[in-house]
Amino acid sequence: SRYSQDWYSHELRKAAASSNEMYKQSAGKQRNFSKRAKIIAWSFVGVVVLLVVLANPISEYITIKGANPTMLKLAQDAGMSRKGEVLFLRTNPQLDSDTQILNDCPALAKAINGNGGILQGCYDPAHNRIYLRKMPSDLYNLEIVTAAYEMLHPVYLSLYNTSQPQLNHSIESNYSSKTANNYNQDLVNTITSLVATEPGNKDLELFSLLGTQFSDLTSDLSTYYAPYFTNMGKTTAAYQSIQDLFSNDQHSLNILKSIINNEADLAQKYDNAANTAYYNSTTWASVGNQYENDRNYNIYLQDYNSYKTVISNENYSIDRYNQLLQTYNTLVSEYNGTQQVNQIQNAQSQQQQSQ
């Protein structure tokens, strides 16, 4: 019937509309799921990229945060940059006693000590370890210099693989300019000794030596050091302070020694003159010449008083010399540690002669 047909058509349209609505809802859910999936995927990629970018700074932060405070202070006092500090700290550096450093660096210690030198530190590339010799407080600056010196060994080794010809040329050029015309014989002697104890490592040692002892390097060589220091002058200043500590005492000792020698010569001159005048006085007295006796005796008194004054000054200079020498020998003993050293002997005080 017509009624039946209308009902059937209505139901078909209703079913079609319902089916279309369900399709739209399903398509919408698929689009929403696809959108969420893309958001999740890109978020994951972003996190990975962020972790890659932050991995090194985070690792450096952990290295510095967990570092031995003593080692971190050494790095800071040497003027190292963050990159230099991290490189140094990742070698797990440690302070050794004289006995420990001989055990930690046996081959190098044997070579250096056998050549008359003193081992202050070493770098073990096989285990990426730095060992530093612990010094007394008055020689702390030597620890600073040694820390920077040893840190520059792994720097050189890393640069060697990519910049070896240019790097070594720059090193040799700076060395040549500083030793031309016997300008710096001490540097020549140091390198000669290092070459003897560490054959084949001349440029490796020169790289550390130049970087810790000289502030007037050429720009091409300075570029290699720049990433590892914010203030390289701290290290070179620490090195100079150690040099001054010894050289100033040596200079003062030499001056005092010269003064003592001059005063000793002058005392001998007055002593001879006094003895001569005294002899003349007694000779004239024996023949009854009172005038010459008195005159020569007065000369004797003047010369003898001058002699006593000079002797007093000489003994004062000797006391100053011995006091300074004691300080100097203490420094030498601290520097050499357990190694036997021949100390300068104390000057002996002059005893006044009696007539």
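The values are calculated or read from the model by the stated rules, or taken from the named source; none is laboratory data. Quick caveat, the model's predicted, so the values are computed rather than measured. Please note: Cβ atoms are built from the backbone with ideal geometry, for glycine as well, and neighbour counts cover all protein chains shown. Only protein heavy atoms, including side chains, enter the accessible area calculation; ligands, DNA and RNA are left aside. Shrake-Rupley method; radii C 1.70, N 1.55, O 1.52, S 1.80 Å.
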Before I look further, what does the stretch 140-197 give for accessible area per residue, probe 1.4 Å, in whole square angstrom? 47
Tell me the accessible surface of residue 108 in square angstrom (1.4 angstrom probe, heavy atoms of protein chains only), to the nearest ten. 40
Using only Cα atoms, figure out Rg for the stretch 106-184 and give it as a multiple of 2.2 N^0.38 Å. 1.32
Could you order 129, 320 by accessible surface area, starting with the largest, using a probe radius of 1.4 Å? 320, 129
Probe radius 1.4 Å, ligands and nucleic acids left out: which of 172, 85 has the largest accessible area, and how do the rest follow? 172, 85
In nm, what is the difference between 0.36 nm times the number of residues separating residue 110 and residue 172 and their Cα-Cα distance? 19.6 nm
For the stretch 242-345, take every pair of Cα atoms, bin their distances at 5 Å starting from 0, and report each bin as a whole percent. 2, 12, 16, 13, 11, 9, 8, 7, 6, 5, 4, 3, 2, 1
Given a Förster distance of 41 Å, report the FRET efficiency between residue 336 and residue 272 from their Cβ-Cβ distance, rounded to the nearest 0.05. 0.45
Please state the Cα pair-distance histogram of the stretch 184-257 with 5 angstrom bins from zero: what percent is in each bin? 3, 13, 19, 19, 18, 15, 7, 4, 2, 0
For the stretch 261-308, projected area of the alpha-carbon convex hull averaged over all directions, nm²: 2.7
Please give me, ordered by residue number, the chymotrypsin sites (Phe, Trp or Tyr not before Pro) of the stretch 146-193 that lie in loop per DSSP and have at most 14 other Cβ atoms within 10 Å. 183
